[in-house]
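Structure, as structure tokens:
The values are calculated or read from the model by the stated rules, or taken from the named source; none is laboratory data. Everything numeric in this text was worked out from a predicted model, so none of it was measured. For neighbour counting, all protein chains shown are included, and Cβ atoms are generated from backbone atoms with ideal geometry for every residue, glycine included. The protein model used for the area step is the full one, side chains on, heavy atoms only, and it has no ligands, DNA or RNA in it. Shrake-Rupley method; radii C 1.70, N 1.55, O 1.52, S 1.80 Å.
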Amino acid sequence: MPGRGQANRRRAAVIDIGSNSVRLVVYEGPRRVPAVIFNEKVAAGLGRGLPLDGRIAPADAARGLAALRRFAALAKAMAVDELQCVATAAVRDAANGSEFVAAAAAEGLNIRLLSGDEEARAAGLGVLSAIPAARGIAVDLGGGSLELAEVGGGTVGRTTSFPLGVLRLPALRKDGPLPFDRTIRTMLKQAGWPGSARGAPLYLVGGSWRALARLDMELTRQRLPLLDQHDLPRAAVRRLVRAVARMSHDELRAVPGMSSARAAAMPDAVALLAALTGAIDAPTMTISSSGLREGLLFGALPDDVRAQDPLLVAAEYEGRRLARFAAHGREVDRWIAPLFADDDADARRLRLAACLLSDVAWSANPDFRADRGSEIALHGNWRGIDVVGRVLLAQALHTGFGGGAADFARFLPETAAPLLVRARQWGLAIRLAQRLSGGLEAPLTGTSLAIVGDKLQLDLGPDWTMLAGEAVGRRMRNLATALNLEAEVTG
């Protein structure tokens, strides 16, 4: 991990020239999981004219170039270290696309024109950057094209681009659902899809898919409506098809977070999703908030950085940024680990994340530290974690910061109740570690915590006996009670 100053100084940016919009996103922080510090788009609509005459309309080109000038100036003023400027289907397919690229070059901005396969690969890498264990097909729906990329084992396999962007779908659907479905199946078959990928889950990338997920969360009344890694079972497609058919544009527009343009594209997007899931026989779909832009950054990383765990890198960075003293989350985890020897790999990973974040709420008002901790867990811009993981992390931090009873179970199925019990035990152990050590690392390296028979034993050793006190004893007893043990302090 880079030091705080070094990590904060490094900035990367992507200017993404798409069929609907031109967007600048600026990132800062750890190279493996940089945080977005600026995000702006201009609805240039470069792909609008393509269905008419195959060209970018002059007014749209002018709007796009104005956006590029602004974005280039902002990136320079923000002292961006690494800037990538890429164009996708609209510029790639337009008869006058080369003229647009040349006009941008005259303004001092070099555009990299991505091929369809390069666009698909970047989308696949974007999925893997956020969901390293992803195994299936990344499906990136843009304004001008649809990209498919096989992902699995941390790599991107075969890729294909289809002229199936949302701007092209109305013309394909004009003859009705059955001809449209046949067209999609024919296009896939001619390109060799699904082939060996039949029955694979889909990872959905792009604003139109996220809009469908927003509708699904509204229909199913999700209590923690998070788009990233929102799962859609096969049955959800039928639910969405029925909902979109009966809802007016105004009703769709009223869905939280739904823009007017996305609402208008919903019938086309859901028709395409239904056709794809049917042709591929996909059992599930997962929304990925990371796509082409994140994939471009991820693809430029060395292998050892790409192999890092995105959740743990982000948690360690945030823990270091907000810690009172030198960050010591890994030492906290080492200290409490003997109590949780039966945790599986997933639980150990979440426990370590909680330890890395165990000092992030100290600056909050004491009455709200527990709330701050759980809010960071639930709503932080984490990668590589699903809703269940977020809730368990929230329970651990809420308890670790002294929170009392909280209804985290409302976010989870009843079968997950034992997981919450364990997360609360993590929190109590973390709370003891922070009280004993005063937020420092040294006292943890010279003491130990263990289960000996029916006792929770804290051994202060010869050098730290002076740390025993009422507060430490109270937290020892609380943790022991949660573990159905008796507390004992030695040393």
Length-normalised contact order of the chain, Cα under 8 Å, at least 6 apart, in percent, tallies to 12 percent
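Restricting the count to DSSP beta bridges whose residues both fall in the stretch 348-491, what percent are antiparallel, rounded to a multiple of 5?
Roughly 50 percent of the DSSP beta bridges within the stretch 348-491 come out antiparallel.
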Note, G291: beta-carbon cut-off 15 Å, +1 each Lys/Arg, -1 each Asp/Glu, net -1
If every Lys and Arg gets +1 and every Asp and Glu gets -1 at its Cβ, then about the Cα centre the chain yields a dipole, in debye to the nearest 20, of 940 debye
Helix 387-400 sits off the longest principal axis of the Cα atoms of the chain, rounded to the nearest 10 on a 0 to 90 degree scale, by 30 degrees
On the accessible surface of the chain, probed at 1.4 Å with all protein chains in place, carbon and sulfur together account for a percent value of 51 percent
For the stretch 46-169, the dipole about the Cα centre with charges only on Cβ (Lys and Arg +1, Asp and Glu -1), to the nearest 20 debye, works out at 200 debye
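Of all DSSP beta bridges located in the chain, what percent are antiparallel, nearest 5?
Working: 34 of 54 bridges.
Of those bridges, close to 65 percent are antiparallel.
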Per the Cα gyration tensor, the chain corresponds to an equivalent ellipsoid with semi-axes, largest first in Å, of 47, 26, 18
CD proxy, 222 nm, the chain: helix-only mean residue ellipticity via -39,500 (n - 2.57) per DSSP H run with n ≥ 4, per residue, nearest 500, stands at -14500 deg cm²/dmol
Sorting A211, P179, L276 by the position of each Cα along the dipole of the stretch 137-276 (Lys, Arg +1; Asp, Glu -1; all at Cβ), the one nearest the positive end of that ordering is P179
Counting only protein heavy atoms and leaving out ligands, DNA and RNA, the solvent-accessible surface of T415 at a 1.4 Å probe, in Å² to the nearest 10, equals 120 Å²
Along the dipole axis of the chain (charges at Cβ: +1 for Lys and Arg, -1 for Asp and Glu; origin at the Cα centre), the most positive-end residue among A314, A200, L440 is A200
Given unit charges at Cβ for Lys, Arg (+) and Asp, Glu (-), the dipole magnitude of the stretch 255-317 about its Cα centre in debye, nearest 20, is 300 debye
Once all protein chains are kept in place, R477 shows an accessible area at probe 1.4 Å, nearest 10 Å², of 130 Å²
With every protein chain kept in place and a 1.4 Å probe, the stretch 269-340 has an accessible area per residue in Å² of 32 Å²
Heavy-atom accessible area per residue of the stretch 377-462, all protein chains kept, 1.4 Å probe, expressed in Å², is 40 Å²
For the stretch 112-195, the per residue accessible area (1.4 Å probe, Å²) is 41 Å²
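Net charge within 11 Å of L114 by Cβ-Cβ distance, Lys/Arg positive one each and Asp/Glu negative one each, not counting L114 itself?
After counting each charged neighbour, the total is -2.
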